[in-house]
Protein chains: 2
Amino acid sequence: MVQLEAQSLEMRTPQATKTAILVIGGAEDKVHGREILHTFFARAGSTDAHIAIIPSASREPTIIGARYLSIFEEMGAKKVEVLDIRERQQCDEPNVQACLAACTGVFLTGGDQLRLCAVLADTPAMDIIRMRVQRGQLTLAGTSAGAAVMGHHMIAGGGSGESPNRALVDMAIGLGIIPDAIVDQHFHNRNRMGRLLSAVACHPDRLGIGIDEDTCAMVEKDGTLRVMGKGTVTIVDPGEMSYTNHADIGAAEPLSLHNLRVHILSYGDRYHLQKRIVLAPVQRLPQ
Amino acid sequence: MVQLEAQSLEMRTPQATKTAILVIGGAEDKVHGREILHTFFARAGSTDAHIAIIPSASREPTIIGARYLSIFEEMGAKKVEVLDIRERQQCDEPNVQACLAACTGVFLTGGDQLRLCAVLADTPAMDIIRMRVQRGQLTLAGTSAGAAVMGHHMIAGGGSGESPNRALVDMAIGLGIIPDAIVDQHFHNRNRMGRLLSAVACHPDRLGIGIDEDTCAMVEKDGTLRVMGKGTVTIVDPGEMSYTNHADIGAAEPLSLHNLRVHILSYGDRYHLQKRIVLAPVQRLPQ
């Protein structure tokens with residue numbers, strides 16, 4: 001009920017043409033309401049949208065690229081292209097760069113975040129994406145692995161079912177679109193609180209953001225994050241952390257993290273990434 | 001390394017004869033160092049201890065009762081009894097009451113917390129235990145189901161792998177030994193952060209305490225909780241919670257909980273249950 005109202009709210013607001021960054025927790029609805037994908041489509045320009053799909057994270061880039069292509073074409077995008085980048089050298093190609101310089105939306109699919117970074121990080125193609133996102137010329141969305149790469153520090157893999165410990169998470173360097181964030185996805189679905197806590201212990205100057213499946217943290221240019229979709233976005237803010245034993249213990253020993261601030265955000269909740277506060281709830285439409 | 005030092009610290013302190021409440025996250029070491037069980041034994045009076053084992057939570061009370069009996073006998077307790085209480089009426093029996101009135105330690109085994117409460121809650125036997133714990137005459141330990149019953153509100157069951165939501169946790173009434181706490185056990189091992197958050201959303205006047213396996217939250221008479229064992233104790237404090245949608249949504253809809261205070265505590269960390277603050281770390285012995 002609330003979802004439908006807020007969806008129509010999103011559709012009716014003038015904001016709907018503003019660019020944004022959509023960080024999606026994986027397994028987003030591709031069949032029914034498709035609210036998250038539709039919001040990406042709207043923010044990329046609706047029927048004026050020129051969308052580039054980058055399926056480089058996936059082991060089956062052809063299949064997954066074609067799937068998103070048909071979704072955005074069906075929605076009525078003016079132009080949709082799949083940039084099937086499998087090697088770093090392709091990021092130097094003029095047609096790739098021309099597409100990224102002209103498009104209004106870029107969609108990073110799921111798969112393996114290490115593969116995605118290996119192909120895209122520190123390439124001219126990535127420079128174009130980053131610059132145009134910063135300038136508000138491009139709406140960027142990433143789902144699953146495409147979400148994981150958003151931070152400077154990236155969770156490359158890890159486990160669950162253990163006390164938080166350094167060995168529970170493998171860290172790598174991401175694409176740095178939202179540098180302050182450490183993003184985890186399929187979050188409560190795959191029980192990843194332990195590994196996000198472990199990641200935050202490694203990098204207590206960052207903000208842990210765990211995004212559930214079929215859930216999106218949409219980040220506006222002013223730093224406001226808004227939650228959309230079926231699940232929750234978990235914020236782990238170590239800004240007031242008074243103590244961690246991270247530097248003093250073995251990799252498999254249990255971590256201490258004292259005085260974390262944690263927010264569980266659900267549909268319509270808003271959070272300011274730089275101010276690190278939850279914003280007052282938006283007035284919802286009467287039932 | 002740290003564990004051995006702290007163990008010897010515990011053994012050497014005069015505190016070792018003070019009564020305490022040991023809330024154990026299940027699967028405590030019964031074979032090797034047995035630090036948690038040994039601490040219970042020490043706090044119950046060491047070789048002067050008279051220990052009563054209550055295996056009522058278990059489906060195999062004879063086997064589990066005999067196991068703990070042999071452990072505490074082997075440690076050198078003066079007297080160890082198994083109170084194999086299977087029906088509430090047994091709580092009226094003079095020999096049961098006499099044992100509970102005389103013993104210096106009571107150990108509640110694992111099993112099903114609903115069964116344990118069904119047998120013990122609001123019985124004369126439980127009144128004796130509660131009164132003697134409050135007076136500092138009795139050291140009480142509970143592991144797994146025996147830990148779950150410690151709060152007034154009790155997690156009776158639930159799931160994992162979902163966004164926090166009301167349907168993720170089944171609440172019941174516990175034995176109320178530590179009334180302010182909602183205790184969960186096998187905590188990170190069974191990925192129970194989601195259900196503890198859901199429980200805290202139901203009862204935001206309480207404190208969520210998640211205890212990992214082979215880990216103990218030992219509560220002293222002054223309200224200080226100290227962590228012992230291999231894992232972590234997670235404190236979810238909603239004392240400053242600014243918003244929850246708990247009352248406004250359907251049972252399966254995702255919860256919002258804004259401005260939780262969360263502490264991950266590991267070996268030797270201390271927390272004050274009434275003041276709701278982490279206490280300064282105890283000086284550890286030089287390596």
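The values are calculated or read from the model by the stated rules, or taken from the named source; none is laboratory data. No experiment lies behind these values; they were computed from the predicted model shown. Every residue, glycine as well, gets a Cβ built from its backbone with ideal geometry; the counts of neighbours run over all protein chains shown. Each accessible area value is taken on the protein alone, full model and side chains, heavy atoms only, with ligands, DNA and RNA left out. Shrake-Rupley method; radii C 1.70, N 1.55, O 1.52, S 1.80 Å.
Multiplying each eigenvalue of the alpha-carbon gyration tensor of chain B by 5 and taking the square root yields semi-axes of 30, 23, 16 Å, largest first, rounded to whole angstroms.
Largest GNM mean-square fluctuation across A:L69, A:L116, A:L22, computed for chain A with C-alpha springs under 10 Å, falls on A:L69. Label-point distances for B:R276 to the equivalent site in the other copies, using a point 7 angstrom along Cα→C-beta, read 2.0 nm when ranked shortest first.
Of the whole protein surface, B:K221 contributes about 140 Å² of accessible area at a 1.4 Å probe radius.
Between copies, B:D29 shows label-point distances of 5.0 nm, shortest first, with the point placed 7 angstrom from Cα along Cα to C-beta.
If only the Cβ of Lys and Arg carry +1 and only the Cβ of Asp and Glu carry -1, the dipole of the range A:17-265 around its Cα centre is close to 360 debye. Based on the reciprocal of the average 1/r between different C-alpha atoms, the Kirkwood radius for the range B:128-287 equals 16.1 Å. For A:K230, the lysines whose Cα falls under 18 Å of its own Cα, not counting residues fewer than eight places away in the same chain, are A:K30. Taking every protein chain into account, the accessible area of the range A:17-265 amounts to 34 square angstrom per residue (probe 1.4 Å).
Beyond 11 Å, how much of the Cα-Cα pair distribution for the range A:179-218 remains, as a whole percent? Tail of P(r) above 11 Å: 58 percent of Cα pairs.
Closest approach of a chain B Cβ to the axis relating B and A (residue, whole Å): B:N191, 2. Distance from the C-alpha centroid of the range B:216-250 to that of the range B:35-98: 28 Å, rounded to the whole angstrom.
Taking the label point 7 Å along Cα→Cβ, A:T224 and its counterparts in the other copies are spaced 4.8 nm apart, in ascending order.
With a 10 Å cut-off around each Cβ of B:261-271, the average count of Cβ atoms from other chains is 6. Here the contact order of the range A:172-287, divided by its residue count and restricted to Cα pairs under 8 Å and six or more residues apart, works out to 20 percent.
The mean number of partner chain beta-carbon atoms within 10 angstrom of a residue's beta-carbon across peptide A:248-255 is 4. Relative to the current alpha-carbon distance between B:T62 and B:S242, full extension at 0.36 nm per residue lengthens the span by 60.0 nm. Contact order for the range A:121-221, expressed relative to its length and based on alpha carbon pairs under 8 Å spaced 6+ residues apart, stands at 24 percent. Normalising the average separation of contacting C-alpha pairs (under 8 angstrom, six or more residues apart) by the number of residues puts the relative contact order of the range B:2-265 at 19 percent. Shielding of peptide A:187-193 by partners, expressed as the average count of other chain Cβ atoms within 10 Å per residue Cβ, is 6. Convex hull volume of the Cα atoms of the protein assembly as shown, normalised per residue: 149 Å³.
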